[in-house]
1. Just give me the residues in region 108-147 being touching a Phe, Trp or Tyr at 6+ places or on another chain (Cβ under 8 Å), aliphatic (A, V, I, L, M) and either farther than 17 Å from Tyr163 by Cβ or buried (at least 20 other Cβ atoms within 10 Å of the Cβ) (or both), in sequence order.
2. Kindly indicate the residue of region 30-75 that is within 19 Å of the chain's Cα centre (by Cα) and part of a loop (DSSP other than H, G, I, E, B) and also surrounded by the most Cβ atoms within 10 Å (Cβ to Cβ) among those meeting that condition.
3. Tell me, yes or no, whether region 172-180 has at least one residue that is under 20 Å from Ala4 (Cβ atoms) and among the hydroxyl-bearing types (Ser, Thr, Tyr).
4. Select the helices (runs of 4 or more DSSP H) contained entirely in region 169-267, then report the ones holding at least 3 residues which are in contact with a Cys (Cβ under 9 Å, 6 or more places away or on another chain) and either under 26 Å from Gly137 (Cα atoms) or among the hydrophobic types (A, V, I, L, M, F, W, C) (or both).
5. Restricting the search to region 84-96, which residues are in contact (Cβ under 8 Å) with a residue 24 or more places away in the chain and part of a helix (DSSP H, G or I)?
6. Condition first: of a type in the set (Lys, Arg) and surrounded by fewer than 16 Cβ atoms within 10 Å (Cβ to Cβ). Now tell me which residues in region 164-202 satisfy that.
7. Of everything in region 1-29, what is of a type outside the set (Val, Ile, Thr) and either without any contact (Cβ under 8 Å) to a residue 12 or more places away in the chain or assigned to a helix (DSSP H, G or I) (or both)? Give them in sequence order.
8. Taking the condition of being assigned to a helix (DSSP H, G or I) and of a type in the set (Ser, Thr, Tyr), how many residues in region 125-168 meet it?
Amino acid sequence: MYGAILGDIIGSPYEFDMGNKTKTFPLFSKNSIFTDDTVMTLAVAEGFMNAGLGADEQEIKNSIISSMRKLGALYPHAGYGIRFSSWLTDDDPRPYNSYGNGSAMRVSSAAWLFNDISSVRRAARLSAEVTHNHPEGIKGAEATASAIFLARAGYSKEEIKAYMEDEFDYALNRTCDEIRPTYHHVESCMETVPEAITAFLEGTDFEDVIRTAVSLGGDCDTLTAIAGSIAEGFYKIPLELKKECPNRLPEDLLAILRRYDAFVSQF
């Protein structure tokens, strides 16, 4: 989950095509802040933990909804989309058939809290369905969580790429150099998740994955959160980067992250 948070923070100054499409940039500045990606990543993790990993599907969904709406109320200006903002405050929150990339950027904890690919994909689906119940929204969450799980389970990049292509029918034949020139700000899973996976596949270490993802442009914080979450499973995050999370999160969000660390360490 640190990979997603770092990706969000590092990518945030370059969102809305504000970067220069280069891998050479300062990793942190005064404009490097957490956004809705971090808030909802932590909310989903809290939802799983509050429900308990053995809870039934509706209990898990209800718990995720509760945590998302709680943190959304605490951080109402974190950068949510219009429909998600409405969902956060609706008297009767229902899924709204979204295929936006929000389902993929918030899902990383599912890949660490559950320990087989079937359970990971089920958890990812449940986390998506509370809002992003369009097939592409669910697919984006499942693909991201699956890539993280396979990475942390020791699969090679070639095996992860093949799984993404075979299971999710993602076209991963373009290089980042081919993607970069025409890539622009877009918020769908279909045009964010494959690009994030490609950035991970081309990166040579955690930091290089982050820099590669940012260099593509577009919805930089979300794309880099997704790429960073996969990279965390494959590489060790440098300690100096990991230490930036507590430096840049408020205490209530940091408390969820610490609880999550303790929860995961039990496995």
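1. Ala110, Ala111, Leu113, Val120, Ala123, Ala143, Ala147
2. This residue is Phe34.
3. Checked against the condition, which is being under 20 Å from Ala4 (Cβ atoms) and among the hydroxyl-bearing types (Ser, Thr, Tyr), region 172-180 yields no hits at all.
4. Details: elements: 176-179, 193-202, 206-216, 220-234, 239-242, 244-248, 251-264.
Qualifying helices (runs of 4 or more DSSP H): 193-202, 206-216.
5. Of the residues in region 84-96, the ones in contact (Cβ under 8 Å) with a residue 24 or more places away in the chain are 84, 87, 93, 95-96.
Hits for region 84-96 are Phe84, Trp87.
6. Arg174
7. Initial filter on region 1-29 (of a type outside the set (Val, Ile, Thr)): 1-4, 6-8, 11-21, 23, 25-29.
Of everything in region 1-29, those that are of a type outside the set (Val, Ile, Thr) and either without any contact (Cβ under 8 Å) to a residue 12 or more places away in the chain or assigned to a helix (DSSP H, G or I) (or both) turn out to be Tyr2, Gly3, Ala4, Leu6, Gly7, Asp8, Gly11, Ser12, Pro13, Tyr14, Asn20, Pro26.
8. Of all residues in region 125-168, those assigned to a helix (DSSP H, G or I) come to 125-129, 135-152, 157-168.
Checking which are of a type in the set (Ser, Thr, Tyr) leaves us with 127, 144, 146, 163.
Final tally of qualifying residues: 4.
A short reminder: the numbers here are calculations on the coordinates, not readings from a lab. Keep in mind it's a predicted model, so treat the numbers as computed, not measured. Cβ atoms come from the backbone with ideal geometry, glycine included; neighbour counts cover every protein chain shown.
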